[in-house]
Structures are given as C-alpha cells and as structure tokens.
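Beneath this line is the structure, given in structure tokens, with notes to follow.
The values are calculated or read from the model by the stated rules, or taken from the named source; none is laboratory data. Since we're looking at a predicted model, the values are computed, not measured. All Cβ positions, glycine included, derive from the backbone under ideal geometry; neighbour counts span all protein chains shown.
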C-alpha cells in the first residue's frame, strides 16, 4: 500500500514539473513570438512617429521663420512709410519755398519795371528842363551883360530902369526855379537808378535761390521715387495691397472721427445741404476714379481721384475752418475743412499745404498745390465730401 502511495505522489510530482515546464515553454514561445512577429509593426510605428515629429519640428521652425520674416517686412515697411512721409514733407517744404520765391521774383520784376518807367519819365523831364535852361541862358546872353549898379547910374529914366530890373529879376527867378527842378529831377533819377540796381541784384539772388530750390526739389523727388519702388516691392500680392488699403482707410476714418468732435464746436458754419450741384470742383481736371468704383478687393472709392498737373492750385469748395493739415499714411499731405452741420471736405495727395489748422478759408481760396504725396506715381488730387463721417458722392454737390 505504501509503495502505491509513493508511486502516486512521484507520478503527481512528475506531472506538476512537466506542467511547469510546459508553462515555461509556452511563455517563452509567447514572448519569442511577440519579439519575432510584433516587433516589426512597432518599429514601423516608431519610425512614422519619429518622421511626424521631425516634420512637426520643421513646420514649427518654418512658422517661426515666417513670423520673423513678417516682422522684419512689417518693420521695414514701417520704416519705408516713415521715409515716404519725410520725403513728402521735404518736397512740400521746397515746393512752398519755390512758390514764395516765385512771388518775390514777380514783385522784384514789377518794381524793376516801375523804376524803369520812372527813369524814362525823369529822363524825359530832365531833357525838357535842360532845354528850358538853355533857352533862358541864351535869352540872358542876348540881352547883354548888365549889373544893377550900372543900371542905376546910367542917368536913364528911373521908370525904364525899374522895368529892366523887374525883367531881370523875373528871368533870374524863372532860371533859379528851373535849376531847382532840374536838381530835384537829377536827385530822383539817381535814387531811381540806385533802387533799380538794388532790385536787379535781389532779382538775381532770387533766381539763384530758385535754381537751388529746384535742384533740391528734383533730388527729393528722386528719393521719394526710390522709397515708393521699395514699398511696391514689399506689396507683391493683391492680398497685401488690400491689407495696406484697409489699414490706410482705417487710419482715415479714425482721423475723421477725431475731427467730428472738434467740428461740433463750430456753430457759425451752415454746412452744404442747400448747395447741391452749386459748388465748383477744387481743381479743373478730369476725374480718373469715380465715387463708388472698385478700388481693391471689396474696397470702393470713398471719393474721386482727379488728374491734374503738379503745382496747380487746389481751391476750397466752400468757406470753412481748417481742421487737419498734415501727412496721413496712404493719402499724403491732406487738408480737411469743416463746413459746419457735420459736412467736411478732404483734399489729399497734395504737393504742399498752404493753410494751417485753425485758419478760416473762403470759397475758392487756394489751400494747397496738386502733387503725388502718399505714394502716388502720378500727380492727382484725391477729393472727398463727408457728412457726419460718412462719405457721400461729390458729384451731387459739385458741377
């Protein structure tokens, strides 16, 4: 019996060991199969994951690089706009000086002409006086040389002597008067000639200054052209151009909104509501861009663009007060006039501004000179009429 029990436990132990061996073998085979069959898939996933991470890193680097590039471009564009502003203001300054020099030249020329006329008149008077004096001298010579003592002592009739003395005194007074006039004419003539020479010197100096100003004007225009070309290179796509125009229009609207509060303080201006189709255009020129026509993308013209030669006078459409007279991005040198009752008129792309903030202007008074400031490649006037900040069609007011 004991032998049977020992044999039973021995067989059971062997079975348990065999089972354990089988379990270990199965586990080993399972791990081996995972290593052999599952490892390639995981390796492929890991490779793809690494590739994705590399691509993500590259994209992030590209985005960072693009952002940096955009910041540099925006910074450069900002500097170019500042340079454009400086160029426009420099041109405006020289253009204004040229206008003033032209006036001085005109005044000097008029004075020279006046002095020439005076000189001709005085020279003519001088000749006439010389002729009269010559006649008087000949008359005195023909009557003989007599002195008062001989006339008194010649034993002639006292009445005749008195008549002769009176005659001589008359001739002498007339001669002295003519001599005095002659001397005064000579003095005036000398002064006129001196003034004429002085004005001629001034005229020549003004001419020299004008030539220098013109040379500086051309130099500044060349600088501005380079700046505009550089700006245009920055705006390579229509989207960039649209973004720029949106920014410029936003700046203009913001400026006008600031001015509306100032215009409400003017109570003595009657506005333009009763002047439809009665006003005169600020320049006599052809309209190149009409109100409401397409500008860029969805943007439309809020005013009109009028082709006009450089330097032509820009005149106000109605009397009012200058609210703004400065450089504005995209519009160059701008003048904005308050006409009262919420009405304003705007004049942009000027070469020079002739009025300052606070000045009162009358209808038809020159306020600026046509130019191409603000980045324009051709001279033109940008003109708007606004009511309570909203742009209205200028054709409804001007004829």
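Please enumerate the residues belonging to region 353-362 that are farther than 15 Å from residue 328 by Cβ and touching a strand residue (DSSP E or B) at 6+ places or on another chain (Cβ under 8 Å). Walk me through it before giving the result.
Going through region 353-362, the residues farther than 15 Å from residue 328 by Cβ turn out to be 354-356, 358-362.
Once the filter is applied, which keeps residues that are farther than 15 Å from residue 328 by Cβ and touching a strand residue (DSSP E or B) at 6+ places or on another chain (Cβ under 8 Å), region 353-362 yields 354, 355, 356, 358, 359, 360, 361.
Just a yes or no: is a residue in region 273-283 free of Cβ contacts under 8 Å to residues at least 40 places away in the same chain and over 23 Å from residue 250 (Cα atoms)?
Scanning region 273-283 turns up at least one residue that is free of Cβ contacts under 8 Å to residues at least 40 places away in the same chain and over 23 Å from residue 250 (Cα atoms).
If you check 208, 183, which single one turns out to be part of a helix (DSSP H, G or I), modelled with pLDDT of 75 or more and more than 25 Å from the chain's Cα centre (by Cα)?
Answer to the check: 183.
Where residues in region 358-374 are under 15 Å from the mean Cα position of the chain (by Cα) and part of a loop (DSSP other than H, G, I, E, B), which of them is surrounded by the most Cβ atoms within 10 Å (Cβ to Cβ)?
Selected residue: 373.
Evaluate region 224-233: report whether one residue or more is assigned to a helix (DSSP H, G or I), at pLDDT 75 or above and surrounded by 14 or more Cβ atoms within 10 Å (Cβ to Cβ).
Yes - at least one qualifying residue is present in region 224-233.
Restricting attention to region 375-392, report how many residues are touching a strand residue (DSSP E or B) at 6+ places or on another chain (Cβ under 8 Å), in a loop (DSSP other than H, G, I, E, B) and at negative phi.
Of the residues in that region, 3 qualify.
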